[in-house]
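Let me begin by presenting the structure, written as structure tokens, before commenting on it.
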There are 2 protein chains.
Amino acid sequence: MSEDGIRLSPTSYVVLGLIHLRGPSTPYELESAVRKSVEYFWTFPHSQLYREPDRLTASGHLTVDQEPGGRRRKVFALTPRGRSALDTWLTRPVEDVFEMRDEAVLQLFFSDQLTATALVDLARHEIALYQRRLDEYERIAARELPRHGQDRRMAPLRLGIKLAEAFREFWEEIAADPPPPTPVPDPVDGPPGRLC
Amino acid sequence: MSEDGIRLSPTSYVVLGLIHLRGPSTPYELESAVRKSVEYFWTFPHSQLYREPDRLTASGHLTVDQEPGGRRRKVFALTPRGRSALDTWLTRPVEDVFEMRDEAVLQLFFSDQLTATALVDLARHEIALYQRRLDEYERIAARELPRHGQDRRMAPLRLGIKLAEAFREFWEEIAADPPPPTPVPDPVDGPPGRLC
DNA sequence: CGAGACATGTAAGGGGTTACATGATTTA
DNA sequence: TAAATCATGTAACCCCTTACATGTCTCG
């Protein structure tokens with residue numbers, strides 16, 4: 001897709017974007033920037049922040065400058081090509097919408113042989129998780145509000161809160177009124193059910 | 001984690017779960033079952049539905065029976081071990097909550113140099129995507145309602161609708177009232193902003 | 001100056017996506 | 001019976017995760 005070689009994944013753009021915001025950075029600095037920024041909606045382990053800049057350097061999107069002694073840190077900087085890749089991406093409409101890909105939801109889908117109480121247990125567990133998640137979000141929001149107010153950097157956080165609330169409400173409904181399992185299909189009459 | 005060898009991913013449980021629901025199945029049948037069931041919240045390409053059963057067979061969770069002639073289809077069936085893995089998974093609390101991992105949200109986060117109108121374009125695009133998604137969900141819901149009513153197999157769909165609505169509303173707010181870019185930090189006073 | 005924390009990487013393996021490739025059935 | 005479609009798989013690559021491994025600073 002890109003003229004030469006590598007494919008740029010969202011991870012690539014996180015790296016390019018953060019270096020653009022911060023200026024030349026070491027992987028370690030990127031890691032801490034991630035922790036302070038996108039981590040709440042896009043996590044990754046630190047090893048990626050060492051590997052991905054190398055890839056982007058090989059493809060000409062970054063340059064690297066390594067300290068000769070001491071910690072031999074690698075400082076990565078944007079090249080014009082990297083900058084332009086970032087700009088292009090920013091205005092390219094994304095075709096994929098979200099996917100739930102939520103393991104607990106998968107369990108629910110396949111939960112036919114679970115008793116109602118077991119299901120309620122799962123739901124309560126999820127409620128607790130989302131409540132905790134919401135608490136984290138609120139803490140971040142409170143911390144960032146004075147600096148970021150309602151600017152663009154805050155918007156994803158508002159979305160995160162919206163979504164976590166939706167999940168929590170969903171599981172609360174399940175816990176309050178656990179839906180019955182799907183009746184076992186009678187092989188005699190009618191075609192097999194659609195949602196199986 | 002499992003006693004011998006392989007790690008079971010959510011994909012593995014989709015395969016185990018569907019075979020449990022349908023009985024012995026070929027990958028092709030699994031594919032069509034996926035299309036009719038979990039696909040709307042957990043997609044995968046058909047190649048996985050050929051590879052994953054092989055893995056699960058190697059680990060003793062499935063057995064395979066291949067037709068000698070014709071299409072030489074492989075029919076996979078649950079073993080007791082596969083069945084028990086499924087049961088265990090069903091009651092194991094999931095520790096991971098959802099992650100947005102939404103590329104458009106990432107764009108928004110890094111959209112500082114975008115004009116308000118360009119941002120509105122992105123938002124409108126997203127609104128259209130989610131509207132389409134919602135239409136699909138409503139179509140599925142209408143189709144399945146008579147058979148599945150309010151049972152467990154329908155619950156994920158309700159969640160999907162809730163979430164897609166949350167996304168759509170979010171982008172509608174962005175489009176109606178595009179937030180300002182984050183002010184460029186003044187390097188003179190104060191530490192660098194948290195959300196960068 | 002020793003211990004712990006901070007900082008910086010590498011290696012291996014796996015799961016998933018993309019792409020390729022071909023056999024079998026149906027239909028015109 | 002040829003074309004189109006349905007059906008069935010394989011191969012390669014790549015990103016990501018997990019795990020390992022080590023060096024450097026800082027503070028008591």
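Observations on the model:
- Some residue of region B:76-90 being among the polar types (S, T, N, Q) and out of contact with any strand residue (DSSP E or B) (no Cβ under 8 Å at 6 or more places or on another chain): yes
- Criterion (buried (at least 17 other Cβ atoms within 10 Å of the Cβ), touching a helix residue (DSSP H, G or I) at 6+ places or on another chain (Cβ under 7 Å) and more than 7 Å from chain A (Cβ to nearest Cβ)) met by exactly one of B:108, B:114, B:18, B:90: B:18
- Scanning region A:79-126 for residues that are polar (S, T, N, Q) and part of a loop (DSSP other than H, G, I, E, B) turns up A:79, A:111, A:113, A:115.
- Being outside the structural domain of residue A:163 (by TED's automatic domain parsing) and closer than 30 Å to residue A:124 by Cα is a description that does not apply to residue A:75.
- With respect to the conditions (1) under 25 Å from residue B:122 (Cβ atoms); (2) within 19 Å of the chain's Cα centre (by Cα); (3) charged (D, E, K, R), residue B:173 falls short on a single one, namely (2).
- Only a single item in (1) closer than 22 Å to residue A:102 by Cβ; (2) touching a strand residue (DSSP E or B) at 6+ places or on another chain (Cβ under 7 Å) is not met by residue B:26, and it is number (1).
- Residue A:73 within 16 Å of DNA strand D (Cβ to nearest atom) and either open to solvent by 50 Å² or more (accessible area, probe 1.4 Å) or within 13 Å of residue A:175 (Cβ to Cβ) (or both): yes
- In region B:44-78, the residues that are near DNA strand C (Cβ under 9 Å from one of its atoms), out of contact with any helix residue (DSSP H, G or I) (no Cβ under 8 Å at 6 or more places or on another chain) and assigned to a helix (DSSP H, G or I): B:47, B:51
- Selection from region B:25-43 of residues that are closer than 14 Å to residue A:109 by Cα and within 12 Å of DNA strand C (Cβ to nearest atom): B:34, B:39, B:42
- Whichever residue in region A:117-135 is without any contact (Cβ under 8 Å) to a residue 12 or more places away in the chain and among the aliphatic types (A, V, I, L, M) and, among such residues, is farthest from the other protein chains (Cβ to nearest Cβ): A:128
- Count of region A:16-59 residues which are more than 16 Å from the chain's Cα centre (by Cα) and within 14 Å of DNA strand D (Cβ to nearest atom): 16
- In region B:21-47, the residues that are open to solvent by 60 Å² or more (accessible area, probe 1.4 Å) and closer than 18 Å to residue B:85 by Cβ: B:22, B:24
- Considered as a group, the residues in region A:133-169 that are farther than 26 Å from residue B:159 by Cα and among the small types (Gly, Ala, Ser) include one that is surrounded by the fewest Cβ atoms within 10 Å (Cβ to Cβ), and that residue is A:142.
- Considering (1) facing another protein chain (nearest Cβ under 8 Å); (2) touching a helix residue (DSSP H, G or I) at 6+ places or on another chain (Cβ under 8 Å); (3) not hydrophobic (A, V, I, L, M, F, W, C), the lone condition that residue B:138 does not fulfil carries the number (1).
- Taken over region A:49-64, the criterion of being open to solvent by 20 Å² or more (accessible area, probe 1.4 Å) and either aliphatic (A, V, I, L, M) or within 17 Å of residue A:18 (Cβ to Cβ) (or both) is satisfied by A:50, A:51, A:54, A:55, A:57, A:58, A:63, A:64.
The values are calculated or read from the model by the stated rules, or taken from the named source; none is laboratory data. As the structure is a prediction and not an experimental result, all values here were calculated from the model. Using ideal geometry, Cβ is built from the backbone for each residue, glycine included, and neighbour counts are taken over all protein chains shown. Each accessible area value is taken on the protein alone, full model and side chains, heavy atoms only, with ligands, DNA and RNA left out. Shrake-Rupley method; radii C 1.70, N 1.55, O 1.52, S 1.80 Å.
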